[in-house]
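Below you'll find the structure, written out as structure tokens, and then a few comments.
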């Protein structure tokens, strides 16, 4: 039986459609690249404009020997240390993770805004450009805020630290501590206070480890985050620990003292134990 051969179908139309699809995809890709480049350029220009509004100042500020000090910043991590390196309380904008003070002649764009006095309490607001363009990424111009407190000064200092976005890390003995981060974790390691220790976040975990001297009173609260308090041996408190959504674990041996230890999380676990 003879085989019937079908005539070949022309491929010109298909090739035409493929070419059209490739052209369309290429145009879309070019538009995406142009938008990305334009966005980077716009951000770079905006960051330079914003930075130009800040004066070039020393990267450190000597704050004297206050008994009551409030430090506020917008977007940066904050670390508080006791040190023998400084003769007075010194604030410094440093590379991330750095725990040593910069050279006295180091400079950058920022504002140190001071107010108050020795009697009413002193305040320092630290402001830095908030926009980072590509050049700042490459130059690594992000900064932490380091608060260096002489050891002898720390025992008599009530320190209040406020951060809008950024974590707070503290260690050492103070007259009092009041720590607040809108968004960021708070870590207080081997701390003690003769007065009250307060730690609060809107969004962020709170981790408090008390030194042997303990604290006069403790209050830790967060809207969203876990809370952990580790207490030294044999200290007792009036413990009030709760969570709206989360588990609560309290060592029974901590209960029975006169001083108060209050912890509350709206959403998160709460742990209060011996270390």
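The values are calculated or read from the model by the stated rules, or taken from the named source; none is laboratory data. Owing to the predicted nature of the structure, the values given are computational and were not obtained by experimental measurement. Neighbour counts run over all protein chains shown; Cβ positions are idealised from the backbone, glycine included.
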Subject >> Residues (under 18 Å from residue 154 (Cβ atoms), surrounded by 23 or more Cβ atoms within 10 Å (Cβ to Cβ) and under 17 Å from the mean Cα position of the chain (by Cα)) located in region 187-231 >> reply: 188, 199, 208
Original post:
Does residue 250 fit the bill of being surrounded by 15 or more Cβ atoms within 10 Å (Cβ to Cβ) and in contact with a helix residue (DSSP H, G or I) (Cβ under 7 Å, 6 or more places away or on another chain)?
Top reply: no
Subject >> Identity of the residue in region 149-160, in a strand (DSSP E or B) and surrounded by fewer than 23 Cβ atoms within 10 Å (Cβ to Cβ), that ends up farthest from the chain's Cα centre (by Cα) >> reply: 150
Original post:
Across region 75-91, what is the number of residues that are under 19 Å from residue 192 (Cα atoms) and not in a strand (DSSP E or B)?
Top reply: 2
Subject >> Pair list, Cβ under 7 Å, 6 or more apart: region 220-246 residue without any contact (Cβ under 8 Å) to a residue 40 or more places away in the chain and assigned by TED's automatic domain parsing to the domain that holds residue 194, other residue surrounded by fewer than 21 Cβ atoms within 10 Å (Cβ to Cβ) and outside any strand (DSSP E or B) >> reply: 236/254; 237/254; 239/254; 243/269; 246/269
**OP:** With the checklist (1) within 26 Å of residue 61 (Cα to Cα); (2) assigned to a strand (DSSP E or B); (3) in contact (Cβ under 8 Å) with a residue 24 or more places away in the chain in hand, flag the one item residue 142 doesn't pass.
**Re:** (2)
**OP:** Please give the number of the condition residue 180 fails out of (1) surrounded by fewer than 19 Cβ atoms within 10 Å (Cβ to Cβ); (2) free of Cβ contacts under 8 Å to residues at least 60 places away in the same chain.
**Re:** (1)
Original post:
Which of the residues belonging to region 256-275 are at pLDDT below 95 and part of a strand (DSSP E or B)?
Top reply: 256, 257, 258, 259, 274
